Amino acid sequence: MPSPALPLSILSGLICATGGSFIFAGLYLYLASVLSLAEDSSVFIVRNYTFLFVFTAVFTTVHSTNRARHAGGRIWVASECIVLLIFFAGYMTGLWPQKPVLLPYFTVRAFLWFGGAAALAVVVDGYCSVFHRILATDERREYLYRHRLLLLWVAMLVVAAPLVYAIFSGGVIELNTRYLLTPLFLIAVSGIVIGFRFASTSLRTCLENLIVVWYPVGWCFLSMPVLLFAEFVISDCLDIGRVFLLEGGHLVTAFLGFAALNLILLSGCLPGRLLGGIGAKTAKSKHD
């Protein structure tokens, strides 16, 4: 009987990618709305970027991690490529309510967006393999994997319903503080949990563990300025006017999103470490 590990990994990857996408979009839209950095008319960039880059990065993270854990072979790699190709094809054919950003000038934008998303997936896949190999005997690794899965599953369940409309509506963002702040809450909880679990280690170790959980979302914040700047350069070189838009608000929001992600993690990690230290001292006094 074939192992269910592969289909379960694909299913888990799709769910986690959905949750991770909503965390990214919620934090990004919250910052953009509070600071008035991006116009509503240009928010289609965020929706399309979330579709292609964030979803791809988080799915690849989860599936590649599972492949390393189960020592999966080429069939795991092939299945990952097939799922992403189906996802990209669905994006291009409009199977969900999101107009592709690649038209007009399809060939140029296809290279930028699909090529960029594929390149990010390759980098993420390699990082997952290296991390798993380096910590092959470290029990904390499995804890981090489970924490990431649980967090992204919760994100999908809690954030998905209200943000579906915000992300996929026709360029109109109906802001609601409750669901835009949910990603901030989940990120802070993640910092508290890791800080508590690894309270006996150094603060640097705690932060490194948090990076393991959040690096696909964090990298996506840093990748957006690269993509938008590439569009600006290409539009200038090809002299195709304002088909490719570089809006400073999106660049600033992306960098602020990355900074906010790390600050929220740190603000959660510190009280988590404090609680963990108190708990350890209490347990030690009772034992004595």
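The values are calculated or read from the model by the stated rules, or taken from the named source; none is laboratory data. These figures come from a predicted structure and were not determined experimentally. Cβ coordinates were reconstructed from backbone atoms using ideal geometry, including for glycine residues, and neighbour counts include every protein chain displayed. Only protein heavy atoms, including side chains, enter the accessible area calculation; ligands, DNA and RNA are left aside. Shrake-Rupley method; radii C 1.70, N 1.55, O 1.52, S 1.80 Å.
The phi-based Karplus calculation (6.51 cos²θ - 1.76 cosθ + 1.60; θ = phi - 60°) puts the 3J(HN,Hα) values of region 128-134 at 4, 5, 5, 4, 5, 6, 5 Hz, whole numbers, x for Gly and Pro.
With all protein chains in place and a 1.4 Å probe, the accessible surface of region 176-232 carries 71 percent carbon and sulfur. Computed packing ranks the peptides 72-85, 52-65 as 52-65, 72-85, most packed first, by mean other Cβ atoms within 10 Å.
The peptide list 202-212, 219-229, put in order of mean Cβ contacts within 10 Å with the highest first, becomes 219-229, 202-212.
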